[in-house]
Each structure stands twice: as C-alpha cells, then as structure tokens.
Amino acid sequence: MSMADQIDGDLYRKVLGRYPTGVTLVTGCPDGEPAAIVIGSFVSVSMDPPLVGFLVGEDSSTWPRIESTGSFCVNVLSDQQDGLSNAFFRRDGDPWEETGWEPAPSGSPLIPACLASIDCSIHEVVDAGDHVFVMGLIEHLSHVGEGSPLVFLGGRYGSFTEFG
C-alpha cells in the first residue's frame, strides 16, 4: 500500500481547503440550451499556444454535454456573484433565470456581469484520478467588468483585499 492510499479524505479536504481559489462558471450551449459548471480549479496553462485549463469530476453529468460542443467559455465571477455561483451549484430551479447571457464567439454563454470571459475550443482532455483535466485553446478574450474576483476558501466565499 502506498502513502497515497493512506491519505484520509477528510484531512485531504481540510488541508486543501486552506488554499484559496477563484470561482468561475464554465459554460457551453449543447443543443442550443445553456449549460454551466461552477469551477474552482481554473488555471493558466501556456501563453504559446494560449491555453487554459480546469478540473471537473468524472461523474459530472454537465461536462459531457458541454464537451460535445467542442468549445466552452470561462466566466470569471466577481465578489458580487456568490448568489449566482450558489444557484448553479445547488441546481434547484433554473439558474439561468437569475442571470442574463449572450453568446460568446463560440456560442457558449458569456455572462455580461462577470469580470472576464475566456472563450475556448477544447484542446485536450486528460484523465486525472477521479477528475478529468480539460485544456482549452483560447480563441477570444473579453475584459467585461471591474471589481474584485469571487474567492473560495475553507468552504466559504470572500473577496480579494489588496495590501497597502
């Protein structure tokens, strides 16, 4: 048995919960219907070629629908959009009723009130344990809004505070 096999799941979540992440809404429009996943693992991968990535659970029912379109849009949420994040995370009712959207160049939903959007074609999807790592080739960037990003730390939302 390796050391990795001995890692306690509760301790794993507690320790890694001390690392703050941004909150994004990854969207697509399979069959003309908007779909979205709340993602906290968004990361810049490469400038040349311009790649970004994120992790999504292999048991996601939404990701295969978005993946089928060949593209996605990453919407960077502001610290005023925790309610929107919760609406998509809870999945009770229709969260699209709480926000307007317009099509990004790929057709994926772009949330106009977000801080930024990154429209991508799917570059590669790699198995990563109980998740998949999705890499997207950036096709279009938008700096949509001003403000502070939504941050997730220790199971709670917050915002970024600048020193000095």
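Numbers below:
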{"read-out": "Phi to ³J(HN,Hα) by Karplus 6.51 cos²θ - 1.76 cosθ + 1.60 over segment 6-12, Hz, x for Gly, Pro", "value": "9, 6, 6, x, 5, 5, 4"}
{"read-out": "Added length on full extension, which subtracts the Cα-Cα distance from 0.36 nm per residue, SER41 to LYS14", "value": "8.1 nm"}
{"read-out": "Trypsin sites (Lys or Arg not before Pro) restricted to DSSP loop in segment 85-164 with at most 13 other C-beta within 10 Å", "value": "ARG91"}
{"read-out": "Dimensions (Å) - the chain, Cα atoms, principal axes, largest first", "value": "49, 40, 39"}
{"read-out": "Rounded to whole Hz, the Karplus (6.51, -1.76, 1.60) HN-Hα couplings of segment 113-118, x for glycine and proline", "value": "7, 6, 6, 7, 9, 10"}
{"read-out": "Cα-projected label distance for GLU33 with ASP127, points at 7 Å along beta-carbon direction, nm", "value": "2.9 nm"}
{"read-out": "Distance histogram for segment 84-141 (every C-alpha pair counted, 5 angstrom bins, percent rounded to whole numbers)", "value": "4, 15, 18, 18, 21, 18, 5"}
{"read-out": "Descending principal axes extents, segment 1-85, alpha-carbon based, whole Å", "value": "46, 33, 31"}
{"read-out": "Relative intensity, log₁₀ I(q)/I(0), of segment 109-153 from a Debye sum that treats every alpha carbon as a point, q = 0.21, 0.22, 0.26, 0.31 Å⁻¹", "value": "-0.86, -0.88, -0.93, -1.00"}
{"read-out": "Estimated dipole of the chain in Debye, rounded to 20 [Cβ of Lys and Arg +1, of Asp and Glu -1, Cα centre]", "value": "400 debye"}
{"read-out": "The chain, relative contact order [Cα under 8 Å, separation at least 6], %", "value": "26 percent"}
{"read-out": "Given 13 as the ceiling on other Cβ atoms within 10 Å, longest exposed-site-free region of the chain for GluC sites (Glu not before Pro) in DSSP loops", "value": "59-145"}
{"read-out": "Neighbourhood charge, 15 Å Cβ-Cβ cut-off, centred on GLY57 and excluding it, Lys, Arg +1 and Asp, Glu -1", "value": "-2"}
{"read-out": "ALA116 long-range amide H proximity, modeled H, under 5 Å", "value": "VAL76, VAL144, GLY145"}
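Any read-out appearing in this document is the output of simple, stated calculations on the displayed coordinates, not a laboratory observation. Because the structure is predicted, anything quoted here is derived from the model rather than measured. Cβ sites come from the backbone with ideal geometry, for glycine too, and all protein chains shown count toward neighbours.
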